Amino acid sequence: MALYRQARRLLLSPAVLVLAISSAAQGATLEIGNGAEPGTLDPQKVNGNWETRITRALFDRLIDYAADGSLVPGLAKSWQISDDGRTYTFKLRVAKWSDGEPITAGDAVFALRRLLTPTTANHNATLYYAIRNARKVNTGQADPSTLGVEAIDDRTLVIHLSEPTAYFLQALAMSEAAPLPQHALKTQGDDWTEPGRMLSSGAFILEEWLPQERIRVAKNPRFYAAKDVALDDAVFYPIEDAGSALNRFRTDALDIAYSSVPSSRFSWAEDNLGDALQVGPLVAQYFYMFNVREGQPLAAKRIREALNLVVRRDVISQQILGMGQNSSYWYVPRTTAGGTRGAMVFADWPMDKRLVRAKQLMKEAGYGPERPLELTLRYNTLEDHKKIAVAVAAMWRELGVNVELINSEAAVHYSSINQGQFQVARYGMMATVNDPYDFLNAYAAGGSARKSSGYQNDRYDALVEQSTKELDEDKRADLMTQAQQHLLDDYALLPLYDYVSVHLVSPRIGGWQTTPMDVHPLRYITIEE
Amino acid sequence: MLSYILKRLLMAIPTLLIVITISFFLMRIAPGGPFDGERQLPPEIEANLMAAYHLDEPLPMQYLRYMGNLLQGDFGPSFKYKDFSVTDLIAQGFPVSLELGFWAILLALMIGLPLGVIAALKRNTAVDYAVMGTALAGIAVPNFVIAPLLALVFGVTLAWLPVGGWNGGAWQNMVLPVIALSIQQIAYIARMMRASMIEVLGSHFIRTARAKGLSESKVILRHALQPALLPVLSYLGPAIAGIITGSVVIEQIFGIPGIGRYFVQAALNRDYTLVMGTVVFYGALIVLLNLIVDLLYSVLDPQIRYDD
């Protein structure tokens, strides 16, 4: 390790930095430990970040991500939004598919129609329901040709929305919104994603795919900004086991390891890997969902409040996890764009005061040491979930609450939640778009958390709906803050912490940043020799 | 002999049919489905997905559809690995698992058999205790302890061998996983060989051979070894089927593109078609290897014959 430290010190010296930067332009191979094996590289059928990490390098979207995760022009060099927020007009840049054919507005129309076609079965299709007729197309009630997208000419694309939608540009930056090579898809069928057949618009092309072994992408010479791409190629290894990824990173077999660091090894990694350990806040929330349906013990708001009051979140985020997570007293993660604020009212109370209040509430609800409340707490299989559940159960015991812990594998866990068969359940909400709407809508009418938890608040629903259509940013942030406060004042859930991303990135790598949505575009990455 | 083989193969058909049918319905009884994830899918999307995989049809209909496709050799598409059919996945992963398993079994036999014989000959001596003690440790320490330990010592600390990856089957990448796979097998085979050797050495025909004045090495090599191998052989059938179909632990720790992971992951993901594919494949392999073992019996033991 001493050698490693020395090498690091050397690397950081100015002379070496100058040398490094001058050699970075020569290009090289980046070796990436990817979390898992992609099930597909069809950008409209992918689902996990281990898949979109690759498809976003292969397919540019109208809107792209910068290295810091912000939105920048991609295949669209500019766009205009009409005053009523319902018409988006995109001007496409001159760009080519990897076979030399031009990328046209027609390719974008083709892709959006395919995205909403029922047989594509895209997971995120509801994000695009704002497009005129999209829901009808997606449910098979209308022909894809009736979708509100049109190519005015090869360079001009118009998208008609049925109502203003604040997060729409975010949705267009996602993998599934990428224009697709219709000239290839129309002739090749489902095989079009194979290496050698796949046509790309992004900075890289698919060169090799050995299932469960590696995926190699090479620089696309026809990419419109190819001269700014430093890497020659990049190899993605599907490494699920975090310990193996750590070993391979330590032996320099990997430049980047995306498969986290086990929490049990985190302090070791902090001491020994130093700069390589990259931790940053994520737009994701770890919380306990309450089943608030009539007849359930947690239908009573005062019990939900009491359970919230006594949980010492700092013990969980700092002592049990200790990877830089922030305790949360809110639902929408702090790092989410859009400026939603607010917290549970007791957030800055001292623990004594919280305990007194909690015990009072339980007493009012008719529970206490003589008549303990019996609760079940479900979590899916993972060491950290178990540690947290045990800690929370111990904290609740102070209120005379007896907790039965129920552990199950993920499929069973989520199916129980989806069917409302739980009292308290561990839940991880990862953002699909970096917008508070993504979280708030889950608890609003028709949302997934609403269906699972049984929570209902008409005022909340109205505020969420209003915020979606509000075009003024400040007013929108206000509406969403108000909406969230309803949820928090109702103690509809028990937030624990905002997630962080934990990755290992070699100090030789440049152009890589931690970002709220955990996107790290390959086209900006450099390797210093 | 030939008619015996044919009879056994014909008998395998109803066996496999029962295995397939039970697995098919057991899988569907298990709670949770392939699309139950962190976020409940909107009903419109779930309906599209269910339709895409024919999961919206009644279960008996799905069963008939599956059996119909299976008869044509079509295992269907994987739910999770959408770009691949189940046949593709098995066809790509099996050669890797087979290669790794072959070397592991070979290593296990080459070390386990002599160790067992030595322990039997030196029964109740320090040598015997040392061999059997080590073997017991080999059985007791699970794969998921041995494999990371090997990777840490020989990969990270000593840096003699790569800690993971397959690299197209380069021998350097194979050494650690082969050792990790074979350690338990060495232990099992050594213990079994010892027990069976001791039993054979106590039998009448060995006493007769010794009484004839044969040298001890002739007694052991010509007379004792062959019958002593029989119990090991019957263990090897299912053991080989287990090893050449990979190990999820070894594959994940060393990053090996075999099929072992599918057995576990497919079940956890409720990837119905892939679960069925692995079950059918494993079932057929077991049937085949058991048949081969039974045929080898007749080679090792002249008392066993399969004539009509």
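The values are calculated or read from the model by the stated rules, or taken from the named source; none is laboratory data. Just so we're clear, the structure is a prediction, and the values are computed from it rather than from any experiment. We place every Cβ from the backbone using ideal geometry, glycine too, and count neighbours over all the protein chains shown.
Scanning the range A:115-135 for residues that are at positive phi and surrounded by 21 or more Cβ atoms within 10 Å (Cβ to Cβ) returns a single hit, A:Ala121.
The residue that is nearest to A:Lys469 (Cα to Cα), among those in the range A:428-438 that are in contact with a Phe, Trp or Tyr (Cβ under 6 Å, 6 or more places away or on another chain) and more than 9 Å from chain B (Cβ to nearest Cβ), is A:Tyr437. Can we say B:Glu44 is within 8 Å of chain A (Cβ to nearest Cβ) and either part of a helix (DSSP H, G or I) or touching a Leu at 6+ places or on another chain (Cβ under 6 Å) (or both)? Criteria met by B:Glu44. Entry remark, the range A:22-43: residues being buried (at least 21 other Cβ atoms within 10 Å of the Cβ), of a type outside the set (A, V, I, L, M) and farther than 20 Å from B:Asn269 by Cβ number 3 in total. The one condition from (1) more than 18 Å from the chain's Cα centre (by Cα); (2) within 14 Å of another protein chain (Cβ to nearest Cβ) that A:Ile54 does not meet is (1). May I ask you to list the residues in the range A:191-225 that are at pLDDT below 95 and away from chain B (no Cβ under 12 Å)? Across the range A:191-225, the qualifying residue is only A:Gly196. Filtering the range A:331-350 to residues that are touching a helix residue (DSSP H, G or I) at 6+ places or on another chain (Cβ under 9 Å) and either among the aliphatic types (A, V, I, L, M) or at negative phi (or both) leaves A:Tyr331, A:Val332, A:Pro333, A:Thr336, A:Ala337, A:Thr340, A:Arg341, A:Ala343, A:Met344, A:Val345, A:Phe346, A:Trp349. Here the condition is being surrounded by fewer than 16 Cβ atoms within 10 Å (Cβ to Cβ), touching a residue at least 24 places away in the same chain (Cβ under 8 Å) and over 25 Å from the mean Cα position of the chain (by Cα); of A:Glu305, A:Glu364, it holds for A:Glu364 alone. Quick check: anything in the range B:161-170 surrounded by fewer than 20 Cβ atoms within 10 Å (Cβ to Cβ) and aromatic (Phe, Trp, Tyr)? No, that holds for no residue. Annotation: of all residues in the range A:82-111 being in contact (Cβ under 8 Å) with a residue 12 or more places away in the chain and under 22 Å from A:Lys469 (Cα atoms), the one that is surrounded by the fewest Cβ atoms within 10 Å (Cβ to Cβ) is A:Asp84. Could you say whether any residue in the range B:151-160 is modelled with pLDDT of 90 or more, more than 14 Å from every other protein chain (Cβ to nearest Cβ), buried (at least 20 other Cβ atoms within 10 Å of the Cβ) and assigned to a helix (DSSP H, G or I)? No, the range B:151-160 has no match at all.
Taking the range A:431-490 and the helices (runs of 4 or more DSSP H) fully enclosed by it, the elements with 1 or more residues that are surrounded by fewer than 21 Cβ atoms within 10 Å (Cβ to Cβ), touching a residue at least 24 places away in the same chain (Cβ under 8 Å) and in contact with an Asp or Glu (Cβ under 8 Å, 6 or more places away or on another chain) are at A:458-469. Checking B:Ala137, B:Ala104 one by one, the residue that is more than 14 Å from chain A (Cβ to nearest Cβ), loosely packed, with under 13 Cβ neighbours inside 10 Å and in contact (Cβ under 8 Å) with a residue 40 or more places away in the chain is B:Ala137 and no other.
When A:Arg450, A:Arg523, A:Arg508 are checked against the criterion of being among the basic types (Lys, Arg) and within 24 Å of A:Asp64 (Cα to Cα), A:Arg523 stands alone in meeting it.
Matching residues to (1) within 27 Å of A:Lys475 (Cα to Cα); (2) charged (D, E, K, R); (3) in contact with a strand residue (DSSP E or B) (Cβ under 7 Å, 6 or more places away or on another chain):
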{"position": "A:Ile320", "(1), (2), (3)": "no, no, no"}
{"position": "A:Pro333", "(1), (2), (3)": "yes, no, yes"}
{"position": "A:Ala347", "(1), (2), (3)": "yes, no, no"}
{"position": "A:Met351", "(1), (2), (3)": "no, no, no"}
{"position": "A:Ala358", "(1), (2), (3)": "no, no, no"}
{"position": "A:Met362", "(1), (2), (3)": "no, no, no"}
{"position": "A:Tyr367", "(1), (2), (3)": "no, no, yes"}
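Within the range A:411-445, being among the aliphatic types (A, V, I, L, M) and within 12 Å of the chain's Cα centre (by Cα) holds for A:Met429, A:Met430, A:Ala431, A:Val433.
Across the range B:220-269, which residue is nearest to the other protein chains (Cβ to nearest Cβ) among those that are among the polar types (S, T, N, Q) and over 30 Å from B:Pro77 (Cα atoms)? Among those residues, the one meeting the criterion is B:Ser234. Scanning the range B:57-89 for residues that are within 11 Å of chain A (Cβ to nearest Cβ) and either of a type in the set (D, E, K, R) or assigned to a helix (DSSP H, G or I) (or both) yields B:Lys80, B:Lys82, B:Asp83, B:Asp88, B:Leu89.
Residues in the range A:394-427 that are assigned to a helix (DSSP H, G or I) and either surrounded by 21 or more Cβ atoms within 10 Å (Cβ to Cβ) or more than 12 Å from chain B (Cβ to nearest Cβ) (or both): A:Ala394, A:Met395, A:Trp396, A:Arg397, A:Ala411, A:His413, A:Tyr414, A:Ile417, A:Asn418. Selection of the range A:27-49 for residues being of a type in the set (S, T, N, Q) and under 25 Å from B:Phe254 (Cα atoms) yields A:Thr29, A:Asn34, A:Thr40, A:Asn49. Filtered by the rule that a residue be within 14 Å of chain B (Cβ to nearest Cβ) and within 30 Å of the chain's Cα centre (by Cα), the range A:137-159 gives A:Val137, A:Asn138, A:Thr139, A:Gly140, A:Pro144. Selection of the range A:284-299 for residues being within 27 Å of A:Glu364 (Cβ to Cβ) and touching a helix residue (DSSP H, G or I) at 6+ places or on another chain (Cβ under 9 Å) yields A:Tyr288, A:Met289, A:Phe290, A:Asn291, A:Val292, A:Arg293, A:Pro297, A:Leu298. For the range A:120-136, check the following and say yes or no: at least one residue is farther than 26 Å from B:Pro43 by Cα, within 14 Å of another protein chain (Cβ to nearest Cβ), assigned to a helix (DSSP H, G or I) and charged (D, E, K, R). The answer is no, given that none of the residues of the range A:120-136 is farther than 26 Å from B:Pro43 by Cα, within 14 Å of another protein chain (Cβ to nearest Cβ), assigned to a helix (DSSP H, G or I) and charged (D, E, K, R). Residues that are free of Cβ contacts under 8 Å to residues at least 40 places away in the same chain and at positive phi do not occur anywhere in the range A:176-188.
The residues in the range B:88-101 that are surrounded by fewer than 20 Cβ atoms within 10 Å (Cβ to Cβ), in contact (Cβ under 8 Å) with a residue 40 or more places away in the chain and of a type outside the set (D, E, K, R) can be counted, and the count is 3.
Taken together, B:Arg28, B:Arg39 contain a single residue that is part of a helix (DSSP H, G or I), touching a Phe, Trp or Tyr at 6+ places or on another chain (Cβ under 9 Å) and among the basic types (Lys, Arg), which is B:Arg28.
Taking the range A:370-389 as the range and being β-branched (Val, Ile, Thr), under 27 Å from the mean Cα position of the chain (by Cα) and away from chain B (no Cβ under 14 Å) as the test, only A:Ile388 passes.
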